[in-house]
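Written below as structure tokens is the structure these notes are about.
The values are calculated or read from the model by the stated rules, or taken from the named source; none is laboratory data. Since the structure is predicted, the reported quantities are computational estimates derived from the model, not experimental observations. With ideal geometry, Cβ positions are generated from the backbone for all residues, glycine too; neighbour counts draw on all protein chains shown. SASA here: full protein model, heavy atoms, side chains in, ligands and nucleic acids out. Shrake-Rupley method; radii C 1.70, N 1.55, O 1.52, S 1.80 Å.
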Amino acid sequence: MTLTNLESVPGQSIVEHYGLVQGSTIRAKHVGRDLMAGLKNIVGGELKGYTELMREARQQATDRMVEQAGELGANAIINIRYTTTSVSQGAAEMLAYGTAVRCQ
Amino acid sequence: MEPQPGDLPQGLEIFMSILFFSIPFVVLLFAYITGKITEKRHYASIHEREGHWLSIPATTGKQLPDLTTVASADLVVGSVVVSVDHFKRFLSKFRMVFGGEMKSYSSVIDRGRREAILRMKESSPEADLFLNCRLETSSVSKGKGKVVGCAEVLAYATAVRFQRTAE
């Protein structure tokens, strides 16, 4: 599966469109990480636990999108966008969406 | 008054109360020093790595340069969650009274953004060009009241590798 955020796959031409595909996940932080982040908040800088958490969430959202595209018979997803929204205190939604296409 | 058995001696009591009331200031000082050191180190590392990646640009454009054929194109992502230190948060409370630019906060987000771009580039060391680079910032957790908790910076782009002509 080729993933790109361009409007076409460079070097290939699109032969079929399958429409929008999306994957999302809502993740909450666990207490231990929250506690550590609270301590880290005094010093400032990168919060590695959260970075890791967001990366996992994004990976899962992407995987779900890819899965959906695979079911449609696509071999590439173009024009991918990511958005993050904080749903409530301590929980974030990660959304990945794009257009599933077949290209060659 | 006769000192009761079990009471602290007066000198020690004063010392203890001074210690108790100075804790917030000690934390503030600690945050200031460590915050300064980490910022300095981070900027040094950013400058060094940016110099290294200078020849492989990340652009917001979508057009490929002419006369190139693409060998591979793939999505690359880099992200970082940053937070401001206790001292800057303390300063920001004053800033919220007077208004204006929060320099202490913008430097933190600036660091995060540049770090995210660098991580994105580092995840694909063989790329020749990063097309359609997008940046996004979102607040992960909101602190109490108006205070910012921490923010996530995300950078993503399409890493393109050109076809090498046999020489």
**Request:** Report P(r) for the stretch B:10-162: all Cα-Cα distances, bin width 10 Å, range 0 to the bin holding the largest distance, values in whole percent.
**Result:** 10, 30, 26, 18, 10, 5, 2, 1, 0
**chain B: most fluctuating residue of B:Glu13, B:Glu115, B:Glu101 per GNM, C-alpha cutoff 10 Å** = B:Glu13
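Can you tell me, using C-alpha contacts under 8 Å and at least 6 residues apart, the relative contact order of chain B as a whole percent? Please list the in-between numbers first.
Numbers: 222 pairs, mean separation 50.1, N = 167.
Here the relative contact order equals 30 percent.
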**Prompt:** Once both axes come from the Cα atoms, what is the angle between helix B:103-122 and the longest principal axis of chain B, in degrees from 0 to 90, rounded to 10?
**Reply:** 40 degrees
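Which whole-number percent gives the relative contact order of chain A, counting Cα pairs below 8 Å spaced six or more residues apart?
Details: 189 pairs, mean separation 49.5, N = 104.
Result for chain A is 48 percent.
Based on the Cβ-Cβ distance from A:Glu7 to B:Ala71, what FRET efficiency comes out when R0 is 30 Å, to the nearest 0.05? Mind dumping the intermediate values first?
Working: r = 20 Å, r/R0 = 0.65.
About 0.95, to the nearest 0.05.
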**Item:** Area accessible to solvent at A:Lys29, 1.4 Å probe radius, in Å²
**Value:** 30 Å²
**Asked** So what does B:Asp66 come to for accessible area, using a 1.4 Å probe and Å² rounded to 10?
**Response** 130 Å²
**Message:** What whole-number distance in Å separates the alpha-carbon centres of the stretch A:76-104 and the stretch B:28-53?
**Reply:** 32 Å
**Prompt:** In square angstrom, rounded to the nearest 10, how much accessible surface does B:His42 have for a 1.4 Å probe?
**Reply:** 40 Å²
**Item:** Among A:Ala61, B:Leu29, A:Met1 the positive-end extreme of the charge dipole of the protein assembly as shown (Cβ point charges)
**Value:** B:Leu29
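With respect to the cross-link table entries A:Lys29/B:Lys88; B:Lys36/B:Lys103; B:Lys62/B:Lys121; A:Lys48/B:Lys93, which display a Cα-Cα separation exceeding 23 Å?
On the way: A:Lys29/B:Lys88 25 Å; B:Lys36/B:Lys103 14 Å; B:Lys62/B:Lys121 17 Å; A:Lys48/B:Lys93 26 Å.
The pairs that break the limit, which is 23 Å between Cα atoms, are A:Lys29/B:Lys88; A:Lys48/B:Lys93.
Only four residue types carry charge here, +1 at the Cβ of Lys and Arg and -1 at the Cβ of Asp and Glu. Report the dipole size of the protein assembly as shown about the Cα centre in Debye, rounded to the nearest 20.
Details: 31 positive and 28 negative charges, 114 e Å.
With Lys and Arg at +1 and Asp and Glu at -1, about 540 debye.
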**Request:** Choose one answer from B:Ser124, B:Ser138, B:Ser79: the residue with the largest mean-square fluctuation in a GNM of chain B with alpha-carbon springs under 10 Å.
**Result:** B:Ser138
**Message:** Between A:Glu71 and A:His17, what is 0.36 nm times their sequence separation minus the Cα-Cα distance? Round to one decimal in nm.
**Reply:** 18.1 nm
**Prompt:** Three principal axis extents, largest first, for the C-alpha atoms of chain A, in Å?
**Reply:** 54, 23, 17
**Complete:** Highest GNM mean-square fluctuation among B:Thr59, B:Thr34, B:Thr68, for chain B with Cα springs under 10 Å, belongs to B:Thr68
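Tell me, what is the FRET efficiency for A:Thr83 and B:Ser106 to the nearest 0.05, using R0 = 30 angstrom and their Cβ-Cβ distance as r? If you can, show how the numbers build up before the last one.
Working: r = 23 Å, r/R0 = 0.76.
It comes out at approximately 0.85.
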**Request:** Figure the gain on full extension for A:Ala91 and A:Leu39 (residue separation times 0.36 nm, minus the Cα-Cα span) and round it to one decimal in nm.
**Result:** 16.8 nm
